[in-house]
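Here's the structure, in structure tokens; my notes come after.
FYI, it's all coordinate maths here, none of it is from the lab. Computed from a predicted structure; not experimentally measured.
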Amino acid sequence: MGSAETVKTPRILRVEVMPLDCGETAVVVELASAPGRAWEKALKRVLSETEGLESAQSRCDGRFVYIIGIEPGGRGTLHRVNQVMAATHERVAPRNGHSLPARQPQKGGMVSASL
């Protein structure tokens with residue numbers, strides 16, 4: 001709480017990959033909250049540095065992020081987009097060495113899984 005600047009790193013709710021009529025592929029990412037400006041800038045930088053997504057462009061509209069200009073037929077598009085989202089989070093995460101996890105169980109809550 002002692003930080004002079006609060007950085008918004010929204011949680012991802014859903015990612016959808018779809019072909020467009022023009023022959024390209026688009027990705028729509030739904031976030032839990034609207035991202036901050038620093039997050040949007042980091043996303044653009046990470047996209048331009050990611051192999052296979054260099055020519056893609058992103059646009060944020062409220063809680064939705066649209067990534068267009070992805071070459072069709074590229075295998076692993078969803079995986080690469082997930083890596084871009086993770087890298088974007090890393091770039092805007094607090095620099096004090098304490099990274100916040102995406103989800104934390106509530107105090108007193110139980111986590112269970114069946115095998």
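Worth a mention:
- Extension gain, Val17 back to Arg63 (0.36 nm per residue minus Cα-Cα distance, nm): 14.9 nm
- Given their separation in residues at 0.36 nm each and the Cα-Cα distance between them, Glu54 and Ala93 gain 11.8 nm when the chain is fully extended.
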